[in-house]
Ligand code: NAD
């Protein structure tokens, strides 16, 4: 018996959760349920996190969380409970299988069976944003080596367990050479440990286009958080309906299972919603807790029901479907099929499908880190870079000199183009002269000089080399 935390959520949540639990219990799932309240009611009672402190205790104690979709009220500073849960519990891996069920569910892509493995904790979702000048705001994109190693290893271990042939990586490292570059580099390093699995890398733009057009060319795809968020919805939708896909959020200790869709409030309380997405989440949960036989039985019964043409409104198509049913009737049809296997769709076998045991992340020894310069960011309203260079040169120290100014990343001094559009947000790069060094006191001296010259510095970024290798981007055009 495994104790799990269950939240029935909002909108269609309670109906699809009741249907899901009824099916898995009928299939023999050995689970004991601890129910908690999350979502709209909790938000509207004044808790901006959408969850009470006691509920966190229950989730952390049970470690396994099956969650129905919740409604996040618009405005009012309400925080997304999904993002908070993933980060608080360290659920670094988001796994979303997206499979076509042709010819029983209408899709433009009859041969499609891909799994998107999305990094779940970092990237632009660190949510660290600042306005620095009248015209410019920034959002920090944080990519870490542990984050990359954990998710890429998860993708390869998942592929190995599921007998999948290829892992593809999507990044935009032709532009983001440091951040996406690290993700790609780690992918190449870890891929070498799995010679039996094919690996490839695509630049995300053409990769996404290819996936939407020819999904049969892909198998497992691993990617950073934002790309994975967008592309997993695309992938689910092109199999026929977002209502069909489930997702697993896996961490080293805890995990959360859900449907990928939201609470569809307009469909609530009418016995209309398709419980399949949450059921797929629950099947991943059963595999994760080692109840693989039950998971297999439920999945085969579900495939058989889809094959029989017993469909909820969202996937019902005249001529393809046989019977339009509500949430409850769909659940009863799946229960009636427990023990059956699909005849045309491929039945599943989950014999070796229990949770993946990944090694704990091992920190590497620290590299030799040297300060080699500093970028001083300046808020300055006039638009002539040459004028700014004259002004900023006044803050140079005996050995630390202005080497470049960029605006939104593009070099505008020296030798800028008059056509380049400039904002009020400038990066002034300072480097020590040949044969000399810069230290932190030198940076403070620069900043003190800037105060004396009435220059509005908004932030600094130190330039480092790691083991002798420059670890910062050049100015575009430099
Ligand atoms: P949604 O996914 O709830 O609904 C979009 C449309 O898809 C619905 O109108 C409905 O026609 C269809 N649909 C979705 N699930 C279905 C199902 N199981 N059966 C049949 N049809 C289904 O997206 P939305 O309308 O943008 O969001 C509604 C609310 O859900 C918002 O408050 C949003 O914040 C929240 N949301 C929650 C989660 C989550 O808890 N994981 C995820 C996404 C959105």
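Laboratory data are not the source of any read-out in this text; all were calculated from the coordinates shown. Nothing here was measured: the structure is a model prediction, and the numbers come from that model. Every residue, glycine as well, gets a Cβ built from its backbone with ideal geometry; the counts of neighbours run over all protein chains shown.
Mean separation of Cα pairs under 8 Å and 6 or more residues apart, divided by the residue count, gives the range 369-470 a relative contact order of 48 percent.
Normalising the average separation of contacting C-alpha pairs (under 8 angstrom, six or more residues apart) by the number of residues puts the relative contact order of the chain at 16 percent. DSSP beta bridges fully contained in the range 1-154 are about 55 percent antiparallel.
In terms of its C-alpha gyration tensor, the range 408-455 comes out oblate, because a/c is 1.5 or above while a/b does not outweigh b/c. A protection proxy built from the mean count of other Cβ atoms within 10 Å ranks the segments 347-356, 394-403, most packed first, as 394-403, 347-356. Based on alpha carbons, the Rg and Dmax found for the chain are 26.5, 83 Å.
Listed peptides 195-202, 85-92 appear in the order 85-92, 195-202 once ranked by packing, highest mean of other Cβ atoms within 10 Å at the front.
With an a/c value of 1.5 or above and a/b not larger than b/c for the gyration tensor axes a ≥ b ≥ c computed over the alpha-carbon atoms, the range 107-245 is described as oblate.
Maximal additional length on extending the residue 145-residue 165 stretch stands at 4.7 nm, based on 0.36 nm per residue less the C-alpha distance. Length gained on full extension, residue 464 to residue 423: 12.1 nm, using 0.36 nm per residue less the C-alpha separation. Pop the C-beta distance of residue 45 and residue 268 into the FRET formula with R0 = 25 Å and round what comes out to the nearest 0.05. It comes to 0.80. Residue ranges 233-242, 127-136, 323-332 sort as 233-242, 323-332, 127-136 when ordered by packing (mean number of other C-beta atoms within 10 Å per residue, highest first). In a fully extended conformation the segment linking residue 355 and residue 175 would gain 61.2 nm over its present Cα-Cα distance, using 0.36 nm per residue. Inter-part distance, the range 328-375 to the range 439-478, computed on C-alpha centroids, equals 43 Å. Rounded to the nearest 5, the antiparallel percentage of DSSP beta bridges internal to the range 126-207 is 35%. Counting only DSSP beta bridges with both residues in the chain, the antiparallel share comes to about 65 percent.
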